[in-house]
1. Somewhere in the stretch 101-115, is a residue of a type in the set (D, E, K, R) and modelled with pLDDT of 95 or more?
2. Kindly state which helices (runs of 4 or more DSSP H) lie completely within the stretch 139-238 and contain at least 2 residues that are touching a strand residue (DSSP E or B) at 6+ places or on another chain (Cβ under 9 Å).
3. Could you tell me how many of the residues in the stretch 90-116 are surrounded by fewer than 17 Cβ atoms within 10 Å (Cβ to Cβ) and not hydrophobic (A, V, I, L, M, F, W, C)?
4. Determine if the stretch 105-123 includes at least one residue that is among the charged types (D, E, K, R), under 19 Å from Met28 (Cα atoms) and within 16 Å of the chain's Cα centre (by Cα).
5. Go over the candidates Ala14, Ala36, Ala20, Ala87 one by one and state the one that is in contact (Cβ under 8 Å) with a residue 24 or more places away in the chain, surrounded by 15 or more Cβ atoms within 10 Å (Cβ to Cβ) and out of contact with any strand residue (DSSP E or B) (no Cβ under 8 Å at 6 or more places or on another chain).
6. Can you tell me which residue in the stretch 142-187 is surrounded by the fewest Cβ atoms within 10 Å (Cβ to Cβ), limited to those that are hydrophobic (A, V, I, L, M, F, W, C), more than 10 Å from Gly94 (Cα to Cα) and under 12 Å from the mean Cα position of the chain (by Cα)?
7. Among the numbered criteria (1) open to solvent by 60 Å² or more (accessible area, probe 1.4 Å); (2) within 30 Å of Phe210 (Cα to Cα), which single criterion is violated by Val119?
8. For Ser134, only one of the following conditions fails: (1) hydroxyl-bearing (Ser, Thr, Tyr); (2) out of contact with any strand residue (DSSP E or B) (no Cβ under 7 Å at 6 or more places or on another chain); (3) buried (at least 22 other Cβ atoms within 10 Å of the Cβ). What is its number?
Amino acid sequence: MSVTRAEHCVIACAEAWRGAGEVLASPMGPIPSLGARLARLTFSPELLLTDGEAMLLAPDGTVEGWLPYRRHLALVTGGKRHVMMGASQLDRYGNQNISCVGDWRRPRRQLLGVRGAPVNTLNHPTSYWIPRHSARVFVERVDMVCGVGYDRAAGARFHRVERVVSNLGVFDFATPDHSMRLVSLHPGVTVDEVLEATGFPPAIPDEVLFTRDPSADELRLIRGVLDPDGVREREVRS
């Protein structure tokens, strides 16, 4: 059976935590959550998973320990957490907006609000998951800065926007000016598709790679252990 687009997205999200060591993974959304749990079961066994409240969990949901709020905040502010958030808007330097659309003083649409995005981005590694890549999300300039990008984070000790995973490909900020760069395309996607769906020109390397396929064991874990009901396929359709 062929690998689906959703499964390539799971792999791309999992890779965000490769080599992370003993840090708290905070994925937001079904596919990032699958990615974190897959990483824990395979190449990042020291990764800490949480229920989002006060418990540390094994990938199968078994409680492994207690994480009191004061300890959680120590991880958050000490660079020992890697969150993968969503974004309503994201610009070329990794500034994220989840608060409003339009002028923030009189917005056309109210969204989630700033929430914890500034603290997250300034204090520990952050990645983003965009299930529907479009020029409405990838914009030249965000309407309001919630998550802080590279052009606004000078001097922040733990600031690091690791990667952006979308349903089209994987991006990072490993350029001289820390602007967004295409790292890999998911199989079946073209560079032209990415450019058409992005509101600014990302850096394109001379050789564009494809997101790697899951191994046989990773595919078995995704389909048979972590997501037997196929929730991933409802978030990203092939």
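The values are calculated or read from the model by the stated rules, or taken from the named source; none is laboratory data. Because the structure is a prediction, the values reported are computed rather than measured. Virtual Cβ from ideal backbone geometry, glycine too; neighbours counted across all protein chains shown. Just so you know, the surface numbers come from the protein's heavy atoms only, side chains and all, with ligands and any DNA or RNA stripped out. Shrake-Rupley method; radii C 1.70, N 1.55, O 1.52, S 1.80 Å.
1. Taking the stretch 101-115 and keeping what is of a type in the set (D, E, K, R), we get 103, 105-106, 108-109, 115.
With the extra rule that they be modelled with pLDDT of 95 or more, the set shrinks to none.
No, the stretch 101-115 has no match at all.
2. Numbers: elements: 191-196, 216-220, 231-235.
Output list reads 191-196.
3. Summing the residues that are surrounded by fewer than 17 Cβ atoms within 10 Å (Cβ to Cβ) and not hydrophobic (A, V, I, L, M, F, W, C) in the stretch 90-116 gives 11.
4. Kept after step one, since they are among the charged types (D, E, K, R), are these residues of the stretch 105-123: 105-106, 108-109, 115.
Pick out the ones that are also under 19 Å from Met28 (Cα atoms) and you get 115.
Now drop any that are not within 16 Å of the chain's Cα centre (by Cα), which leaves none.
No: the stretch 105-123 contains no residue that is among the charged types (D, E, K, R), under 19 Å from Met28 (Cα atoms) and within 16 Å of the chain's Cα centre (by Cα).
5. Details: Ala36 fails: out of contact with any strand residue (DSSP E or B) (no Cβ under 8 Å at 6 or more places or on another chain); Ala20 fails: out of contact with any strand residue (DSSP E or B) (no Cβ under 8 Å at 6 or more places or on another chain); Ala87 fails: out of contact with any strand residue (DSSP E or B) (no Cβ under 8 Å at 6 or more places or on another chain).
Testing whether each residue is in contact (Cβ under 8 Å) with a residue 24 or more places away in the chain, surrounded by 15 or more Cβ atoms within 10 Å (Cβ to Cβ) and out of contact with any strand residue (DSSP E or B) (no Cβ under 8 Å at 6 or more places or on another chain) leaves just Ala14.
6. Among residues in the stretch 142-187 that are hydrophobic (A, V, I, L, M, F, W, C), more than 10 Å from Gly94 (Cα to Cα) and under 12 Å from the mean Cα position of the chain (by Cα), the one surrounded by the fewest Cβ atoms within 10 Å (Cβ to Cβ) is Val170.
7. All conditions are met except number (2).
8. (3)
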